[in-house]
Amino acid sequence: MARILILNGPNLNLLGTRQPEVYGATTLQDIEIMCTAHAPSSALAFLQSNHEGALIDAIHAAKGAQDGIILNAGAYTHTSVALHDALASIELPCVEVHLSNIHARESFRHHSYIAPVALGQIAGFGALGYLLALDALHAHLHAAV
Ligand code: CA2
């Protein structure tokens, strides 16, 4: 059974309440329900935090406790060397997810500090991106054993 941490960063607790034209109408709780239904034989853990240090602590705690991470680091994607370093230090496979296509938005969203330490990036498919990330992580984990 794959153990997967689905980690969401700042402001993603607001999903479904504002800016539906950018981020969709689906709430973060809806996404968690969709993920659980999509991967019933995986052990999924969910965490959302608006605090960079809490996200780093969760990444550290994942070492030895999880098989992989799905991470939407929100705006920290574009700013956080600390999240990059945390992911590099634990050596767990990580799939980077964004609801919006960050490459089609403002230039400050084009760079990701997560991308160099991720297996890959899924961006622009809304909530579906989390399910695609689960499939990608499962494929990677099965190929690895
Ligand atoms: O597209 C994504 O998933 C992002 O990670 C979302 C971040 C943004 O800073 C990244 O550039 C791309 C922002 C999350 C904020 O979510 C909100 C949802 C509803 C209302 C307000 C903010």
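The values are calculated or read from the model by the stated rules, or taken from the named source; none is laboratory data. The structure displayed is predicted, hence computed values, not measured ones. Here Cβ is always computed from backbone atoms with ideal geometry, including for glycine, and neighbour counts include all displayed protein chains.
Consider H51 against the criteria (1) in contact with a strand residue (DSSP E or B) (Cβ under 7 Å, 6 or more places away or on another chain); (2) closer than 21 Å to L14 by Cβ: it satisfies all of them except one. Which criterion is unmet?
(1)
Considering only region 59-145, give the strands (runs of 3 or more DSSP E) lying wholly within it that have at least 1 residues that are at pLDDT 95 or above, closer than 14 Å to L7 by Cβ and of a type in the set (D, E, K, R).
Correct list: 94-98.
Give P10, P40 a once-over and let me know the one that is near the ligand (Cβ under 10 Å from one of its atoms) and in a loop (DSSP other than H, G, I, E, B).
From the options P10, P40, the qualifying one is P10.
Run down A73, A82, A123 and say which single residue is among the small types (G, A, S) and more than 10 Å from the ligand (Cβ to nearest atom).
Numbers: A73 fails: more than 10 Å from the ligand (Cβ to nearest atom); A123 fails: more than 10 Å from the ligand (Cβ to nearest atom).
Only one candidate qualifies: A82.
What are the residues in region 43-57 that are buried (at least 17 other Cβ atoms within 10 Å of the Cβ), assigned to a helix (DSSP H, G or I) and aliphatic (A, V, I, L, M), if any? Steps first, answer last, please.
The first filter runs over region 43-57 and keeps only residues buried (at least 17 other Cβ atoms within 10 Å of the Cβ), leaving 44, 48-49, 52, 55-56.
So of that shortlist, the ones also assigned to a helix (DSSP H, G or I) come out as 52, 55-56.
Passing the criteria: L55, I56.
Quick grid of which residues meet (1) under 20 Å from C35 (Cβ atoms); (2) without any contact (Cβ under 8 Å) to a residue 12 or more places away in the chain:
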{"site": "I59", "(1), (2)": "yes, no"}
{"site": "G64", "(1), (2)": "no, yes"}
{"site": "N72", "(1), (2)": "yes, no"}
{"site": "H78", "(1), (2)": "no, no"}
{"site": "I90", "(1), (2)": "no, no"}
{"site": "R105", "(1), (2)": "no, yes"}
{"site": "H111", "(1), (2)": "no, no"}
{"site": "P116", "(1), (2)": "no, no"}
{"site": "L119", "(1), (2)": "yes, no"}
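(1) in contact with a helix residue (DSSP H, G or I) (Cβ under 9 Å, 6 or more places away or on another chain); (2) closer than 19 Å to M1 by Cα: which one isn't true of T36, the others all being true?
Here T36 meets the rest and fails (1).
Report whether or not L7 is in contact with a helix residue (DSSP H, G or I) (Cβ under 8 Å, 6 or more places away or on another chain), modelled with pLDDT of 95 or more and not β-branched (V, I, T).
Against the criterion (in contact with a helix residue (DSSP H, G or I) (Cβ under 8 Å, 6 or more places away or on another chain), modelled with pLDDT of 95 or more and not β-branched (V, I, T)), L7 qualifies.
Residues of region 58-96 being among the charged types (D, E, K, R) and over 25 Å from L14 (Cα atoms), which ones?
Listed by number, the residues that qualify are K63, D67, D85, E91.
For region 13-25, enumerate the residues that are without any contact (Cβ under 8 Å) to a residue 24 or more places away in the chain, closer than 23 Å to T79 by Cβ and assigned to a helix (DSSP H, G or I).
The one that is without any contact (Cβ under 8 Å) to a residue 24 or more places away in the chain, closer than 23 Å to T79 by Cβ and assigned to a helix (DSSP H, G or I): L14.
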